[in-house]
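Accompanying notes for the structure given below.
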Amino acid sequence: MVSLFGRGFDSLQLHKKVFLQIIMCMVAMCMSAQNIKVTKFERLETDLTANTHGTEKLDQNGEKAALIKIQAPERGFTFDGGSLGIVAREEHEGEIWLYVPRRAKKLTIQHKDYGVLRDYYYPVPVEGARTYEMYLDIGIGRYVTIASEMANSTIYIDGENVGQSPVSHKYLTYGHHTVRALKDRFEGEQTFTLSTNDPDGLRLINVPQRDMSDHFGDVVINVDNRAEIWFEDKYVATGSWRTQLREGSYVVETRKTDCDPQQTSFTVVAQQTNNVQAGQPTPHTGRLSLYTRPRDAKATYNGSNPIDLTEVHTLPVGTYQFDISRKGYVSKNGLEYKVKHNELTRDTITLDRVKYIKSKAFYFGAAYTFRQLGGITALAGVTYNDFDLQASYTFGMNKSEEVPWYSVDGNDTYLSSMTYKRSTIAVKLGYQFVLTERLAIIPQLGYEIEQLSATVADGTNSYGDKAKANCVSVGAKLMYAPLNRVNLFYNPAFSVAVSKDDNFTRISDNSDITGGGFMMSVGAIFNF
C-alpha cells in the first residue's frame with residue numbers, strides 16, 4: 001500500500017497500528033467472558049436475495065428459508081438455531097450469510113475468543129424468502145460511519161485505505177483513531193476516541209476538508225516497452241501516466257505478461273513537474289541447451305540473430321525458431337523451441353551429411369554431344385535405389401558434306417545435292433556405383449532412334465529427309481558433384497545401328513554418314 005502522507009507519517013501510523021493491535025488483543029482477553037451483542041437486526045425490505053433463483057435456499061420442508069446477512073468484525077463464529085436448526089451458511093466478502101427456517105425464534109452465537117450470546121430472540125418475525133441484516137458487536141469496540149465534506153473521498157483510518165466515503169458501519173476498537181479524507185486536492189484529518197462510556201448507537205464521524213493545491217505537484221511517469229503502470233494496486237495507464245499528487249514519497253509498480261513486476265520509488269515536490277522513469281518489469285527467463293552433431297554447427301534464431309550452441313543460454317520466455325547449418329551437411333531450418341519460466345529446455349540435433357551422389361533423385365540437364373553430326377543434348381531422368389533411367393534428345397547442330405542424289409531408273413541422272421543434320425532420341429538404363437562422396441560411375445545400356453533432316457544444297461527437290469536408323473548403345477556416365485544437387489558428367493558411349501530405312505541406307509552408301517558410332521557427351525545435371 002502506498003503512503004499518501006510521506007515516510008514520517010507512514011512510520012507513525014505503523015507504530016500506532018501495532019500499538020492498537022496489542023491493546024485490542026489485551027481487551028479481547030479481558031472481554032472473552034462477556035456476551036457478544038447484537039447492535040442491529042432488521043428486515044431489508046428491498047433485498048430479494050432470499051427469493052432469487054441461485055441464492056435462495058429450501059429448508060427441510062421444501063419451503064424457502066429466510067436469509068440473515070451478518071456483519072461481524074471477525075470470522076470464526078458458530079451459530080446454533082435450536083430445534084429448528086440452520087439451513088445453510090455461506091462466507092461472503094465482508095459478511096456471513098446464514099439461512100434459517102421460517103418462523104425461527106432464536107439464535108445462539110459463539111466465538112472461541114469473544115464468548116457466547118445464548119438464545120438471542122429475533123426482535124421481528126422471521127419469514128421465509130425474506131432477507132434480514134444483523135450487526136454483531138464482539139465487545140472490544142463499536143461501529144462507526146465515516147463521512148466527509150467531499151463525496152466519494154478516499155478514507156484512511158489509521159493509515160489504512162478503507163474505501164470511499166461514506167464508509168458505513170466500520171467496526172473499530174476502543175481507543176484513539178485518526179481518519180483522513182482525500183479527494184483530488186482536498187484533504188481533511190480528524191482524531192477521535194471510542195470508549196465504553198460512549199452513548200449507545202452508531203457513531204458518526206464527519207471529516208472536514210480544505211483545498212491543499214499548494215501542496216500538489218504534476219507527475220509524469222514513463223516506462224519503456226509499453227508496460228502497464230499500477231498505482232496503489234490499481235491499473236492506471238500503459239507506457240505513460242500523467243497525474244497530480246500531494247508532496248511526499250510514493251511507489252509505482254510496472255507490470256507485463258511473462259515478467260516479474262518492478263517497483264520504483266519517487267518523491268513528489270509541490271508546484272513542480274515531477275518526471276519519473278519507472279523501471280521495466282523483469283522478463284521471465286528460462287534456459288535453453290541445444291546439442292548438435294557435429295558440434296561446431298552455425299545457428300541463428302528468429303531470423304538472423306547468431307547464437308553459440310556450445311553454451312547453455314538464458315533467454316526470455318517465449319517461442320524461438322532456429323536455423324542450423326554446417327558445410328557438408330543438410331541444413332535444418334525453422335526448428336521451434338519454447339522457453340518456459342525457470343525451466344531448462346534441451347534437445348539434441350543431428351545433421352545429416354550432404355549426399356552429393358543421391359541414390360534417389362529426379363534430374364534434368366544439358367550437354368554437348370561430340371560425334372559425327374553432333375549437337376546439343378537435353379536430358380531428364382530418375383534414379384531410384386541407384387537404378388538410373390535416362391531419356392535424352394540431341395538436336396543436331398553440325399551438317400554433313402553434300403550428298404548427291406541420282407535417279408535409280410538405270411540412267412543415273414543427277415537430281416540434287418543434300419546436306420544432313422542428325423537428331424537422336426535415346427533411352428538408357430544403368431546402375432550407379434558410388435566411388436567417393438562426390439564421384440560415381442553409371443554403366444548404361446541404351447536404345448536410340450536417329451533421324452536425319454535434309455537441306456537442299458543444289459537442285460530443287462529434297463531427298464532423304466527424315467531418314468531413320470535404330471541403334472543400341474553401351475556406355476558409362478561418370479559424374480562429379482562439386483555442389484549439392486549439381487553434377488557435372490562425362491558420358492562416352494558407342495552405338496550400333498540394328499536397322500535402317502531405305503533412305504538412311506542409301507545415304508550411308510553414298511557418304512560417310514553412318515548409323516551409330518562413338519560419341520561423347522559433356523554437361524551438367526541438376527537433381528532434386
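Laid out as a table, the results:
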read-out	value
Dipole axis of the range 250-322 (+1 Lys, Arg; -1 Asp, Glu on Cβ), positive-most option in Asn302, Val251, Ala270	Asn302
Approximate spin-label separation Tyr414-Leu204, in nm, with each point projected 7 Å along Cα-to-Cβ	14.2 nm
On Cα atoms only, tilt of 7-31 relative to the major axis of the chain in degrees	60 degrees
Karplus-derived HN-Hα couplings along the range 273-282 (A = 6.51, B = -1.76, C = 1.60, θ = phi - 60°), whole Hz, x at Gly and Pro	8, 9, 8, 10, 9, 6, x, 6, x, 7
Estimated FRET transfer efficiency when R0 is 22 angstrom, pair Asp47-Tyr121 (beta carbons, to 0.05)	0.50
Signed unit charges on C-beta, dipole axis of the chain, positive-most listed residue Ala481, Tyr132, Tyr235	Ala481
FRET efficiency estimate (nearest 0.05) - Cβ-Cβ, Phe362 to Gln321, R0 30 angstrom	0.50
DSSP-defined beta bridges in the range 267-349 - what % are antiparallel, rounded to 5	75 percent
Helix-only mean residue ellipticity at 222 nm for the chain, each DSSP H run of n ≥ 4 adding -39500 (n - 2.57), per residue, nearest 500	-2000 deg cm²/dmol
Whole-Hz ³J(HN,Hα) from phi, Karplus 6.51 cos²θ - 1.76 cosθ + 1.60, for the range 412-419, glycine and proline x	6, 6, 5, 10, 7, 10, 10, 10
Peptide ranges 103-116, 40-53 listed from the most packed, as the mean C-beta count within 10 angstrom indicates	103-116, 40-53
Chain lengthening between Glu232 and Thr196 when straightened (0.36 nm per residue, less Cα-Cα)	9.4 nm
The range 85-175 - percent relative contact order, Cα under 8 Å, separation 6 or more	18 percent
Approximate spin-label separation Gln60-Arg89, in nm, with each point projected 7 Å along Cα-to-Cβ	1.7 nm
Correct choice for volume of the Cα convex hull per residue in Å³ that was computed from the model, options [x] 165; [y] 177; [z] 344	[z]
Whole-Å distance, taken between Cα centres, linking the range 426-483 and the range 191-241	95 Å
Farthest positive-ward along the chain dipole, Cα basis, beta-carbon charges - from Leu44, Met418, Leu445	Leu445
Dipole in debye (nearest 20) - the chain, about Cα centre, beta carbon charges: Lys, Arg +1; Asp, Glu -1	940 debye
Projected label distance in nm at Asn302 and Thr348, using a 7 Å step from Cα toward the beta-carbon	2.9 nm
Of all DSSP beta bridges in the range 74-211, antiparallel share, percent nearest 5	90 percent
Modelled FRET efficiency - R0 51 Å, Val269 with Leu335, Cβ distances, 0.05 increments	0.40
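Each value in this text was obtained by applying a stated rule to the coordinates, not by laboratory testing. This structure is a prediction, so every number in the text was calculated from the model and none was measured. Glycine also receives a Cβ, built like all others from the backbone with ideal geometry; neighbour counts cover every protein chain displayed.
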